[in-house]
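Visitor: I'd like to ask some things about the structure below.
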Amino acid sequence: MKKIGTTAVALVWMISFSSLAQTKYWIFLKDKNLADAPAISAKTLQNRIQQGLLAFDETDIPLKKEYLQQLQVLNCKPIIASRWLNAVSATIPAQQLEAVKQLSFVEKIQPMDGRFYIAKTQAQRRSTMAPVMTQIQAEEFKKAGLTGKGITIGVIDAGFFEAPINTYLKHIFDRNAILDKRDYVNPPLTYSDKFYNTQETFSDFHGTEVLSAITGTSRAENTQSGLAIDANFYLARTDHGTREWRGEEDNWVAAMEWMDSLGVRLINTSLGYAQGFTDPNENYQTSQMDGQTSVISRAAQIAAEKKGILVVVSAGNEGDDPSWRIISTPADAQGVLSIGATNQRFWNRIGYSSIGPEFLPYLKPNVSCFSLYGTSLSAPVITGFAACLMQYNPTLTNKQLISLIEKSAHLYPYGNNFVGYGVPLASRALALLQNPDESNASYSKEVKAQGDSYTLKLIEPNDMVSVFHKKSNTHVQAQEIVRVRDGQVILKRREGETRTTVDLKNEVIEVIWQ
């Protein structure tokens, strides 16, 4: 029965793809009426001024109405109009496609087709969240009274099924902390009955689990699964789990622009694009995870650079996939905070966690933390971490927050493309908040080594330590666990290895091979 059921689902999935393929497009326009009034709220304007950003620019100006009208004349059906991208997503009849391409105001047309991946492997079990709270030193924020109070967080995800009756989310519904929600999958956008109460796919729990990893707490079980227990939220559903196609990226862009219009400065998105297009000719290549190719990364970069939004993104779960291995998009965008996953004991990369591409001129992922069930649940932990920092100092810009989180991580300044700068630690973050000039010198040191091996003596007792073998400053050849014998570690240099990072958790030692 299971096999038959699976086959039937696959058949429906293929039929839905066949009917939808090549019908939805991004239509990029050439210009705007720069004299038109920008569409931004007073709160958004205030946030940008506080961060030293331009009050508004051309990305805030609406699309030309006359262009949209001309598209409708050709029987195009606009779905989402993006101010940021100066583009509209639309369905175009096949017989009108060439005519639309020839319009003088159309810069280019880009088809949308393919799979949309949720960066998650299976349902989260609440008992596994406690270790990450210990790992990031959640108790330090609690002692400092930092709970995300006064901070508004946007969550863009797949579904929030049964969120109001979830034990770990009861407190936010009791105090009406969900300020608004939009369902881009089931229009009209304000229709609320299906948002929480209808399970259409297995993915409809995903946003609920992500939300609980940001803000979850249970008095009955005396357990805390998220840091931002006193934050407020805007929720947006942009992905339909059954119809896994890249065509829903316009929903994501629309949700980002909606949240920006409300003045939201912190957004979590545990979604990402990778491979698996219906038409193999349109598959993403790993070389395209460059922060510039995909529409969703371009929008994420606009959010980071021009809107002052801290976008926290799961790095992806393709680390064990030999055909891919690297991060998905928009985790490749330079301005977002991309989050990988570590294992619980040694804090090195857990197998499924996606790796940063070596061709990027910047480090990805940025940081990581423990998650047994996917980077979908490590990203929201760091979103809660960021909310606590914002509560402490609301004037911090998104770039300052990223820098602060990276500097608080346990491997800083010796980051790598497996786990970034490692696990952010609340005690270090608080020290940096109180003294921005605080140095990590007491937590890190360099030693020089010659030959093919080096014996490192340890002051503190350890039985085993995590080691990253690197062929450059940040690119890992391999990670391994090395046994400590008689208070020392013997490091064996590998072919092509230039640096070795020895992770002692409370200290990091960088061995530079001569």
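Visitor: Taking the residues in segment 31-52 that are in contact with a helix residue (DSSP H, G or I) (Cβ under 8 Å, 6 or more places away or on another chain) and modelled with pLDDT under 90 as candidates, determine which candidate is most open to solvent (accessible area, probe 1.4 Å).
Guide: Among those residues, the one meeting the criterion is Leu34.
Visitor: Output the number of the condition that Asn462 fails; it satisfies all remaining conditions of (1) part of a loop (DSSP other than H, G, I, E, B); (2) touching a helix residue (DSSP H, G or I) at 6+ places or on another chain (Cβ under 8 Å).
Guide: Every listed condition holds for Asn462 apart from (2).
Visitor: A further question on this structure: Need at least 3 residues that are at pLDDT 95 or above and in contact with a Leu (Cβ under 9 Å, 6 or more places away or on another chain) per element, so show me which strands (runs of 3 or more DSSP E) inside segment 74-174 make the cut, counting only ones lying wholly within it.
Guide: By residue number, 152-157.
Visitor: Taking the stated definitions as given, is Val447 outside any loop (DSSP other than H, G, I, E, B) and buried (at least 17 other Cβ atoms within 10 Å of the Cβ)?
Guide: no
Visitor: Follow-up question, since we're still on this one. Filter segment 356-384 for residues that are within 17 Å of Gly335 (Cβ to Cβ), surrounded by fewer than 24 Cβ atoms within 10 Å (Cβ to Cβ) and among the hydroxyl-bearing types (Ser, Thr, Tyr) and give the result.
Guide: Matches in segment 356-384: Tyr362 only.
Visitor: Out of all the residues in segment 147-168, which are among the hydrophobic types (A, V, I, L, M, F, W, C), closer than 12 Å to Ala228 by Cβ and open to solvent by less than 10 Å² (accessible area, probe 1.4 Å)?
Guide: Hits for segment 147-168 are Ile153, Val155.
Visitor: Something else now. Restricting to segment 487-506, count the residues that are farther than 22 Å from Asn343 by Cβ and assigned to a loop (DSSP other than H, G, I, E, B).
Guide: 6
Visitor: For segment 300-355, enumerate the residues that are at pLDDT 95 or above, open to solvent by less than 10 Å² (accessible area, probe 1.4 Å) and in a strand (DSSP E or B).
Guide: Leu310, Val311, Val312, Val313, Ser314, Leu337, Ser338, Ile339, Gly340, Ala341, Thr342, listed by residue number.
Visitor: Restricting to segment 450-459, what's the tally of residues that are farther than 15 Å from Tyr414 by Cβ, part of a strand (DSSP E or B) and out of contact with any Lys or Arg (no Cβ under 7 Å at 6 or more places or on another chain)?
Guide: Within segment 450-459, residues that are farther than 15 Å from Tyr414 by Cβ, part of a strand (DSSP E or B) and out of contact with any Lys or Arg (no Cβ under 7 Å at 6 or more places or on another chain) number 3.
Visitor: Another one. Give the residue that is nearest to the chain's Cα centre (by Cα), with candidates limited to residues of segment 394-406 that are within 17 Å of Ile49 (Cβ to Cβ) and polar (S, T, N, Q).
Guide: Checked segment 394-406; the qualifying residue nearest to the chain's Cα centre (by Cα) is Asn398.
Visitor: Looking only at segment 414-444, which residues are part of a helix (DSSP H, G or I) and more than 29 Å from Asp486 (Cα to Cα)?
Guide: Ala426, Ser427, Arg428, Ala429, Leu430, Ala431, Leu432, Leu433, Gln434
Visitor: Out of the residues in segment 190-209 that are among the hydroxyl-bearing types (Ser, Thr, Tyr) and under 16 Å from Ile156 (Cβ atoms), state the one that is modelled with the lowest pLDDT.
Guide: Step by step, filter segment 190-209, then rank; the result is Ser203.
Results for (1) of a type outside the set (Ser, Thr, Tyr); (2) surrounded by 20 or more Cβ atoms within 10 Å (Cβ to Cβ); (3) at pLDDT 95 or above, shown as yes or no for each residue.
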site	(1), (2), (3)
Ala386	yes, yes, yes
Ser403	no, no, yes
Tyr412	no, yes, yes
Val419	yes, yes, yes
Arg428	yes, yes, yes
Asn462	yes, no, no
Phe468	yes, yes, yes
Asn473	yes, no, yes
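The values are calculated or read from the model by the stated rules, or taken from the named source; none is laboratory data. Everything numeric here is computed off the predicted structure, so don't read it as measured data. So basically every Cβ, Gly included, is an ideal-geometry build from the backbone, and we count neighbours across all protein chains shown. Surface areas here come from the heavy atoms of the whole protein model, side chains and all, with no ligands, DNA or RNA. Shrake-Rupley method; radii C 1.70, N 1.55, O 1.52, S 1.80 Å.
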